[in-house]
Structures are given as structure tokens and as C-alpha cells.
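Notes follow once the structure below has been shown.
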Amino acid sequence: VDVGDRWKCIYEICQPRIGDHILAFNDIHLLMSTLGNKQKKESEKLMESIKTFINNHTGTQRDIMQKIGITICEAVQAYSDGDFAKAVDIFLPVRYKVVNIGGSNAQRDLFNLFLINAALKSSKKEHHQLARSLLVERKALKESAPMTDRLMGKAIAQVE
């Protein structure tokens, strides 16, 4: 979906927070803002900062970032680079741990949609099957979600 200049606006708001490392949830979204605004050097700088944070600090957020957050960031980077199969392979093992990064159910749903879209765009047939399974699961949880129906249409079209 064309979002116009929104990535630029989001990046400008987020840019001063890069390097704060207050919450893993925030760092992941900060990375998305750099990638969405095509700030490759900033995204690389943020990833290095996250790795430094993991290596040099202690505490709950550091542990969450080490166990889950950095993996999600790497998956988001792979997706941004167009390597959808890699994004799925990286993200899938932490899929059920996303709850630990914080945020509301609606906010974390972004990651469910991320995995579904990456699987649909992947070059691997088994990822297409994964996308269909994830969509069936999503439909059971959200019966009246038009987005799920649209994505299911894309998934079915891949089979035909």
C-alpha cells in the first residue's frame, strides 16, 4: 500500500529516539521507521547500537532484546531487503514469543501480518502453505476481519 510521505514523517519523529533502548518494542518500530524511509545507514547504525546494548547492559529489556527483539529486527531487515523467505525463516521460531516485547494485542498483530505477508511473498512453496495455515488460524480468531479475507484470496490464488 502506498503510504505517501508517512514514512518520512514517522522517521522524523522517531529519529531522536534511536539509541535510547527503552523497550524492545520501541526499537523494533524505530528500525521499521528507518527502513520505511529508506535510511539504510541509519538502520545499520541502529542495529549496531542494539547489538552494543545487548553486549554491554543488563536488565529485562536487554534480555528481551537478546532473546526475541534482535531476531525480529533481523527478520524485518530481511523483508525490507526483499528476502521474504529469509524473513520467514528468521521470524518463525520467535512467533509465539512476540507477546514478551510488550504492546497491545492490536499492536502485536502487526507481527502476525508481517509473517503472513512474508510467507505469501516468499519463493518457497512451504511458506505459501504456512501463510494459508496462519490465515486459517487468524480467521478462527477474527471471524469478521476483511483483511484476513483479502489475504486468504491472495493465498488461494497462489495455489491455482
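For the stretch 61-91, what are the residues that are of a type in the set (A, V, I, L, M) and touching a His at 6+ places or on another chain (Cβ under 9 Å)?
M65, A85, V88
Which one is surrounded by the most Cβ atoms within 10 Å (Cβ to Cβ), of the residues in the stretch 5-55 that are farther than 16 Å from S80 by Cα and β-branched (V, I, T)?
Across the stretch 5-55, the extreme among qualifying residues is I50.
Restricting to the stretch 57-80, name every residue that is in contact with a helix residue (DSSP H, G or I) (Cβ under 9 Å, 6 or more places away or on another chain), over 23 Å from N117 (Cα atoms) and of a type in the set (S, T, N, Q).
Scanning the stretch 57-80 gives Q61, Q66.
Quickly run through the stretch 15-41 and pick out the residues that are in a helix (DSSP H, G or I), hydrophobic (A, V, I, L, M, F, W, C) and without any contact (Cβ under 8 Å) to a residue 40 or more places away in the chain.
L30
Can you name the residue in the stretch 75-130 that is part of a helix (DSSP H, G or I) and small (G, A, S) and, of all such residues, is modelled with the lowest pLDDT?
Applying the filter and picking the extreme gives A106.
Of (1) in a helix (DSSP H, G or I); (2) touching a Lys or Arg at 6+ places or on another chain (Cβ under 9 Å); (3) modelled with pLDDT of 95 or more, T148 satisfies all except one. Which?
It is condition (3) that T148 fails.
Which residue, of K86, K97, is among the basic types (K, R) and closer than 22 Å to K38 by Cβ?
That would be K86, the only listed residue that is among the basic types (K, R) and closer than 22 Å to K38 by Cβ.
Of all residues in the stretch 77-111 being surrounded by fewer than 18 Cβ atoms within 10 Å (Cβ to Cβ) and in contact (Cβ under 8 Å) with a residue 24 or more places away in the chain, which is farthest from L130 (Cα to Cα)?
Applying the filter and picking the extreme gives G102.
The values are calculated or read from the model by the stated rules, or taken from the named source; none is laboratory data. These figures come from a predicted structure and were not determined experimentally. Because the Cβ atoms are built from the backbone with ideal geometry, glycine has one as well, and the counts that use them run over all protein chains shown.
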